[in-house]
Amino acid sequence: MDFQKTVLKRRMVRHFAKDTVPDRVVNRILELAQHYPSAGFSQGVAYVVVKDPEVRKKIGHVQEEEEYVSMGFHPFISEAPVVIVV
């Protein structure tokens with residue numbers, strides 16, 4: 001797929017299925033994410049995979065998800081099956 005098609009097909013997803021995401025899928029996403037360029041090839045990024053519902057709720061609180069929900073939007077942080085913190 002060329003770059004233009006990739007950009008045009010990209011979408012924001014805020015409503016998630018309740019299904020769990022297999023570890024192999026999460027690991028593959030993280031492997032692919034490591035191929036993005038960084039300044040001076042520093043690769044100074046760390047990823048934390050969060051599956052625990054209570055921790056996801058706390059992340060949602062820190063990110064002011066309640067305010068977002070009060071405007072009529074879906075709670076996409078706390079209700080996602082997996083959150084990857086960068």
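Elements of the type helices (runs of 4 or more DSSP H) sitting completely within the range 1-84 and holding at least 3 residues that are modelled with pLDDT of 90 or more: these cover 23-33, 53-62, 65-70. Restricting the first member to the range 1-20 and to residues that are under 21 Å from Ser78 (Cβ atoms), and the second to residues that are of a type in the set (Lys, Arg) and assigned to a loop (DSSP other than H, G, I, E, B), the beta-carbon pairs closer than 8 Å and six or more apart or on different chains are Thr20/Lys51.
Looking at Tyr47, is it touching a strand residue (DSSP E or B) at 6+ places or on another chain (Cβ under 8 Å) and of a type in the set (Ser, Thr, Tyr)? Yes; evaluated as a whole, the condition is true for this residue. Within the range 7-59, being hydroxyl-bearing (Ser, Thr, Tyr) and either under 12 Å from the mean Cα position of the chain (by Cα) or surrounded by 10 or more Cβ atoms within 10 Å (Cβ to Cβ) (or both) holds for Thr20, Ser38, Tyr47.
Does at least one position in the range 32-48 carry a residue that is of a type in the set (Phe, Trp, Tyr) and in contact (Cβ under 8 Å) with a residue 40 or more places away in the chain?
No, that holds for no residue.
The values are calculated or read from the model by the stated rules, or taken from the named source; none is laboratory data. Only a predicted model underlies this, so the values are computations on that prediction, with no experimental measurement involved. Please note: Cβ atoms are built from the backbone with ideal geometry, for glycine as well, and neighbour counts cover all protein chains shown.
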